[in-house]
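The values are calculated or read from the model by the stated rules, or taken from the named source; none is laboratory data. Fair warning: this is a prediction, and the values are worked out from it, not measured in the lab. Quick reminder, even Gly has a Cβ in these numbers, built from the backbone with ideal geometry, and neighbours come from all protein chains shown.
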Amino acid sequence: MPQVSLEQWQTLLAVVENGSYAAAAEALQKSQSSISYAIQKMEDLLGLQVFKVVGRKAELTPAGKALLRRAEVLIEEARQMEALAQQFTEGWEPEIRVAMDTLFPDWLMMDALEAFSQQRPLTRITLIETVLSGTEEALLQKAADIVIGGRVPPGFLGDPILNIEFIAAASPDHPLQKIERELGHQDLRLHRQLVVKDSGRRDIDSGWLGADQRLTVSHIWTSINAACRGLGYAWYPRLKIQNELDKGLLKPLNMSAGGKRNIQLNLIYTDSDYAGPAVRLFGEILISKIKEHNLTSQPDCAPDL
């Protein structure tokens, strides 16, 4: 068992922060003698001198300085434990799990996570990135508390939150960009298509998959990096590749038809009737961030990946 109490470590910190025993006594609303006794008792238990008195001020010894750093961590941990216990008492969940289709903009999710963490810093967050049926599986298997995905399965209610525009794109140096006319599907068939693999067990294919050559990857950012290197073409969410478009790393393909598609993403609560306050708060913050950036939601149609 620890010999020095948390209250004694708090007294040590108060003396340092206030500069003297008298000032610490006033800050803690205790007598100066009780402060002096607490410090003396601590030194006796530790077998070393923590403070030395210089004039009217109490200064830390080298050993005291080392102990102070650990005491600050100890007191902060105790404060967090009490805050966490209070959070549980008020009904706040200790953890929330969010499943996000990788079509959803990363930066927008980071904005929401940052805002949520500022309000509920002690709530743990698990972010699951999913593709195609993996999003629906996270919902059906209750692997997440809140899901952002394109399809709302029967038995669930979803709110449309974001319309994702897809554009066919490739590197400016890709052979398809050299063709001086509008491109058709026969042109695309002759070149490598980049495909993001379904993260679910159903392994669903989505979008136009007419190319004889394919490079299949497990994450959309791998596909984007491959496209920037000229390894193929794909349909990408504009919000995902806007930076690459602005930098000239990717360029829309000049398609005669089908160059642009749209899909609607929905926010779905796994247990809409019993979602806890932390899950609800995260959903509200996410929607507010979408509105803050003037992003809209419209009817969906199937994308090409």
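Among the candidates 174, 185, which residue alone is at pLDDT 90 or above and more than 30 Å from the chain's Cα centre (by Cα)?
Sole residue among the options that is at pLDDT 90 or above and more than 30 Å from the chain's Cα centre (by Cα): 174.
In the stretch 292-302, is there at least one residue being among the charged types (D, E, K, R), crowded, with 16+ Cβ neighbours inside 10 Å and either modelled with pLDDT of 95 or more or closer than 25 Å to residue 157 by Cβ (or both)?
yes
Suppose we filter the stretch 47-58 for residues that are at pLDDT below 85 and surrounded by 14 or more Cβ atoms within 10 Å (Cβ to Cβ); how many remain?
Total meeting the criteria: 2.
Answer with yes or no whether residue 101 is over 30 Å from residue 228 (Cα atoms) and touching a strand residue (DSSP E or B) at 6+ places or on another chain (Cβ under 8 Å).
Against the criterion (over 30 Å from residue 228 (Cα atoms) and touching a strand residue (DSSP E or B) at 6+ places or on another chain (Cβ under 8 Å)), residue 101 does not qualify.
Are there helices (runs of 4 or more DSSP H) fully within the stretch 41-157 with at least 3 residues that are in contact (Cβ under 8 Å) with a residue 60 or more places away in the chain and among the aliphatic types (A, V, I, L, M)? List them.
The helices (runs of 4 or more DSSP H) meeting that bar are 62-89, 106-119.
Filter the stretch 1-35 for residues that are within 18 Å of residue 71 (Cα to Cα), polar (S, T, N, Q) and assigned to a helix (DSSP H, G or I) and give the result.
8, 10, 11, 18
Which of the residues spanning the stretch 111-148 are basic (Lys, Arg) and more than 23 Å from residue 293 (Cα to Cα)?
Selection gives 124, 142.
Any chance the stretch 199-218 includes a residue that's modelled with pLDDT of 95 or more, surrounded by 12 or more Cβ atoms within 10 Å (Cβ to Cβ) and within 30 Å of the chain's Cα centre (by Cα)?
No.
Filter the stretch 180-196 for residues that are touching a residue at least 24 places away in the same chain (Cβ under 8 Å), over 30 Å from residue 282 (Cα atoms) and of a type in the set (A, V, I, L, M, F, W, C) and give the result.
Across the stretch 180-196, the qualifying residues are 183, 188, 194, 195.
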